[in-house]
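Structure first, commentary second.
The values are calculated or read from the model by the stated rules, or taken from the named source; none is laboratory data. Computed from a predicted model, the values in this text were never measured in an experiment. All Cβ positions, even for glycine, are placed from backbone atoms using ideal geometry, and neighbour counts span all protein chains on display.
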Amino acid sequence: MGSYQKAPQKGITKLQYLLRGYFVLLLFQLIINRYKKKSFYWYKEVIESNGETLYD
C-alpha cells in the first residue's frame, strides 16, 4: 500500500496530502536557481541557422 492510501490511517486527508506535495514542488521551483548550459546556446544557434552551423 502506497503512502497515498495510508494517509487517511494517519489522520491526514487525501486533500492535505496532495496539497502538501504541490506546495513542496512550488517551493522547490522558487529555491532552485536555474541556469542555461553551454549546449543551450549551441542548440539555439543551430535552430536559428536551420542547421547551417553544423557544417561550419
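Key figures for this structure:
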item	result
Of residues in region 12-23 being hydrophobic (A, V, I, L, M, F, W, C), surrounded by 10 or more Cβ atoms within 10 Å (Cβ to Cβ) and in a helix (DSSP H, G or I), the one modelled with the lowest pLDDT	LEU18
Checklist (1) within 17 Å of the chain's Cα centre (by Cα); (2) modelled with pLDDT under 80; (3) surrounded by fewer than 10 Cβ atoms within 10 Å (Cβ to Cβ) applied to GLN9, failing item	(1)
